[in-house]
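The values are calculated or read from the model by the stated rules, or taken from the named source; none is laboratory data. This is a predicted model, so every value here is computed, not measured. Neighbour counts run over all protein chains shown; Cβ positions are idealised from the backbone, glycine included.
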Amino acid sequence: MKRSPEAFTGAFRAGRARFEWGFTTRRFPLVVKNCAEFRLAKSFPVSFGIQVHSNRVATARGLRCFEATDGVATQVPNLRVAALSADCLPILIAAPGKKPAVAAVHAGWKGTEKRIAARAVKRLAKLSGADPKTFRAILGPALRECCYEVGPEFLEKFPLSTRRVRGGWRFDLASENRRQLELAGIPAKAIQDTGFCTLCRPKLFYSWRGEKERAARLISWISFSLQPAS
């Protein structure tokens, strides 16, 4: 993973496909506070969804904004798909193989409860024809267990990812989604976690809990290109 003032980025090659991904920081020049603003942006063309904490995963075949959608997948080379977040967990998934595909997912606790990550894996398996055991996933900056204070009802919703601490309860959003990705077939060693907490790193990232309505959104994207056969 490479770091610049504007973004954390990475790339890898699998077969003929080269996958590229990134997570922006507060210094990224495009500042948007919601999906409606992002729809109007021309400087960073991507396909994305108007996020509503659903488990809907759409398939993009060109630049498009999808209504009521929290995950976008594509098989189109050089087409970036993206998710916006400011505490929710962005998940980027790459499906190598003869028909490469990628997906960007926005996973808050509601989408996580609806298992949106697993739905994205299923969609990519259908598009690519590849086994999820060949996939790779990257978990981006999000509100982490250290700062994710919740009520006791989360213990019933997420019994393996909620723990009691002095004075309350904490929810581990990243570990819950990692667990769901593994159950969907992606090997644990193929899931990369950036580990960043948005609330703990206010100089780097936006945080809804820290800034409320003043918070803009981080942009998380992934795409692939096809390299010439050697």
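Got a number for residues in region 166-201 being closer than 18 Å to Phe23 by Cα and of a type in the set (Phe, Trp, Tyr)?
Going through region 166-201 one residue at a time, the tally reaches 1.
Do we find that Ala125 is surrounded by 22 or more Cβ atoms within 10 Å (Cβ to Cβ), modelled with pLDDT of 95 or more and of a type outside the set (Ser, Thr, Tyr) in this structure?
On the way: surrounded by 22 or more Cβ atoms within 10 Å (Cβ to Cβ): no; modelled with pLDDT of 95 or more: yes; of a type outside the set (Ser, Thr, Tyr): yes.
It is false that Ala125 is surrounded by 22 or more Cβ atoms within 10 Å (Cβ to Cβ), modelled with pLDDT of 95 or more and of a type outside the set (Ser, Thr, Tyr).
Six or more apart or on different chains, Cβ under 6 Å: which pairs go from a residue in region 152-171 that's free of Cβ contacts under 8 Å to residues at least 40 places away in the same chain to one that's in a loop (DSSP other than H, G, I, E, B)? Could you list them?
Close Cβ pairs (under 6 Å, with a partner that is in a loop (DSSP other than H, G, I, E, B)) amount to Ser161/Asp172; Trp169/Pro152; Arg170/Glu145; Arg170/Tyr148.
Would you list the strands (runs of 3 or more DSSP E) that sit entirely within region 63-144 and hold 3 or more residues that are in contact with a helix residue (DSSP H, G or I) (Cβ under 6 Å, 6 or more places away or on another chain) and either of a type in the set (Asp, Glu) or touching a residue at least 40 places away in the same chain (Cβ under 8 Å) (or both)?
Values: elements: 71-74, 81-85, 89-95, 101-107, 136-139.
Where strands (runs of 3 or more DSSP E) fall fully within region 63-144 and carry at least 3 residues being in contact with a helix residue (DSSP H, G or I) (Cβ under 6 Å, 6 or more places away or on another chain) and either of a type in the set (Asp, Glu) or touching a residue at least 40 places away in the same chain (Cβ under 8 Å) (or both), they are 89-95, 101-107, 136-139.
Residues in region 160-189 that are of a type outside the set (S, T, N, Q) and closer than 18 Å to Gly111 by Cβ: how many? Walk me through how you get there before you give the answer.
If we filter region 160-189 for residues that are of a type outside the set (S, T, N, Q), which is where we start, we get 160, 163-174, 176, 178-179, 181-189.
Filter once more, so that each one left must be closer than 18 Å to Gly111 by Cβ: 160, 171-174, 176, 178-179, 181-184, 186.
Final tally of qualifying residues: 13.
Looking only at region 21-43, filter to residues that are surrounded by 15 or more Cβ atoms within 10 Å (Cβ to Cβ) and in contact with a Ser or Thr (Cβ under 9 Å, 6 or more places away or on another chain); which one of those is farthest from Ala95 (Cα to Cα)? Spell out the reasoning first.
Initial filter on region 21-43 (surrounded by 15 or more Cβ atoms within 10 Å (Cβ to Cβ)): 21-26, 28, 30, 32-33, 35, 38.
Retained after the next criterion (residues that are in contact with a Ser or Thr (Cβ under 9 Å, 6 or more places away or on another chain)): 21-25, 30.
Values: Trp21: 13, Gly22: 16, Phe23: 19, Thr24: 22, Thr25: 26, Leu30: 28 Å.
The selected residue is Leu30.
Please go through region 64-75 and give me each residue that is surrounded by 19 or more Cβ atoms within 10 Å (Cβ to Cβ) and either out of contact with any Lys or Arg (no Cβ under 9 Å at 6 or more places or on another chain) or among the aliphatic types (A, V, I, L, M) (or both), ordered by number.
Our first condition is that a residue be surrounded by 19 or more Cβ atoms within 10 Å (Cβ to Cβ); within region 64-75, this holds for 66, 69-74.
Listed by number, the residues that qualify are Val72, Ala73.
Within the bounds of region 145-153, is there any residue that is surrounded by fewer than 21 Cβ atoms within 10 Å (Cβ to Cβ), within 18 Å of the chain's Cα centre (by Cα) and under 23 Å from Gln51 (Cβ atoms)? Can you show your working first?
Step one: filter region 145-153 for residues surrounded by fewer than 21 Cβ atoms within 10 Å (Cβ to Cβ), giving 145-147, 149-153.
Still in the list and also within 18 Å of the chain's Cα centre (by Cα): 145.
Still in the running and under 23 Å from Gln51 (Cβ atoms): 145.
Yes - at least one qualifying residue is present in region 145-153.
Looking only at region 42-87, which residues are of a type in the set (Lys, Arg) and modelled with pLDDT of 95 or more?
Initial filter on region 42-87 (of a type in the set (Lys, Arg)): 42, 56, 61, 64, 80.
Result: Arg56, Arg61, Arg80.
Mind telling me which of the residues Ala120, Ala130 ends up being surrounded by fewer than 20 Cβ atoms within 10 Å (Cβ to Cβ) and over 17 Å from Phe23 (Cα atoms)?
Values: Ala120 fails: surrounded by fewer than 20 Cβ atoms within 10 Å (Cβ to Cβ).
Result of the check over Ala120, Ala130: Ala130.
Every residue, every condition in (1) surrounded by 17 or more Cβ atoms within 10 Å (Cβ to Cβ); (2) under 19 Å from Pro90 (Cβ atoms), yes or no:
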position	(1), (2)
Leu155	no, no
Thr162	yes, no
Arg166	no, no
Asn177	yes, yes
Ala184	yes, yes
Pro187	no, no
Phe205	yes, yes
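Is it fair to say Phe196 is closer than 30 Å to Ser4 by Cα and of a type in the set (Phe, Trp, Tyr)?
Working: closer than 30 Å to Ser4 by Cα: yes; of a type in the set (Phe, Trp, Tyr): yes.
Taking the combined requirement at face value, the residue satisfies it.
Please count how many residues of region 4-28 are of a type outside the set (Val, Ile, Thr), modelled with pLDDT of 90 or more and assigned to a loop (DSSP other than H, G, I, E, B).
Looking only at that region, the number is 6.
Yes/no matrix, rows are residues, columns are (1) charged (D, E, K, R); (2) at negative phi; (3) over 15 Å from the mean Cα position of the chain (by Cα):
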site: Gly185; (1), (2), (3): no, no, yes
site: Lys203; (1), (2), (3): yes, yes, yes
site: Arg209; (1), (2), (3): yes, yes, yes
site: Ala215; (1), (2), (3): no, yes, yes
site: Ile222; (1), (2), (3): no, yes, no
site: Ser225; (1), (2), (3): no, yes, yes
